[in-house]
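Throughout, read-outs are computed from the coordinates displayed, never taken from laboratory work. Every value quoted in this text rests on a predicted model; they were computed, and no experiment measured them. Please note: Cβ atoms are built from the backbone with ideal geometry, for glycine as well, and neighbour counts cover all protein chains shown.
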Amino acid sequence: MLSPLLLSLLFIGLIAGIASGMFGIGGGAIMVPAMVLWLGLDQKLATGTSLAAQVLPIGLLGAIVYYRNGNLNLNYALLIVIGLVVGNFFGALFANQPYVSADLMKRLYGIFLIAIGLRYLWSR
């Protein structure tokens, strides 16, 4: 049986993968806020973990710096990678359907950004 934390990490990776496939985003816009607001991770730990999940080739040097400073959970990052791969595929499939217009994509992305921004503004 998978623990709630393990399921949460896989889910974060999946959502980030879907957003990456749909909008070309994932790390700072999805994974970091999710790990901070949902899992309660420290901002630096979430940032380092997000970079490690995207390490090839995006965040290698940044991930090394965070790792050396104790702000990276490699196990979390590896679990997120699994969700990223699967989610990216499904996000790209959805975004490229004939019924999903560019206008709809812009609106969905705008709603997403507002929701994350409001959550950050009203969290402790």
Calculated FRET efficiency for the pair ARG119/ARG68, C-beta based, R₀ 35 Å, to 0.05: 0.70
So what's the back-of-envelope 222 nm ellipticity for the chain, counting only DSSP H runs of four-plus at -39500 (n - 2.57) apiece and dividing by all residues, rounded to 500? -23000 deg cm²/dmol
Among 100-107, 14-21, what's the highest-first ranking by average C-beta atoms within 10 angstrom per residue? 14-21, 100-107
From the Cα gyration tensor of segment 6-80, with a ≥ b ≥ c the square roots of its eigenvalues, which class applies: rounded if a/c is under 1.5, or else prolate if a/b is larger than b/c, or else oblate? oblate
Taking the Cα centre of the chain as origin, work out the dipole magnitude from +1 charges on Lys and Arg Cβ and -1 charges on Asp and Glu Cβ, in debye rounded to 20. 200
Full extension from LEU108 to ILE58: what is 0.36 nm times the residue separation minus their Cα-Cα distance, to one decimal in nm? 15.5 nm
Expressed as a whole-number percentage, the relative contact order of the chain with C-alpha contacts under 8 angstrom and at least six residues apart is 35
With unit charges on the beta carbons (Lys and Arg positive, Asp and Glu negative) and the dipole taken about the Cα centre of the chain, which residue among GLY40, PHE23, PHE89 sits farthest to the positive side? GLY40
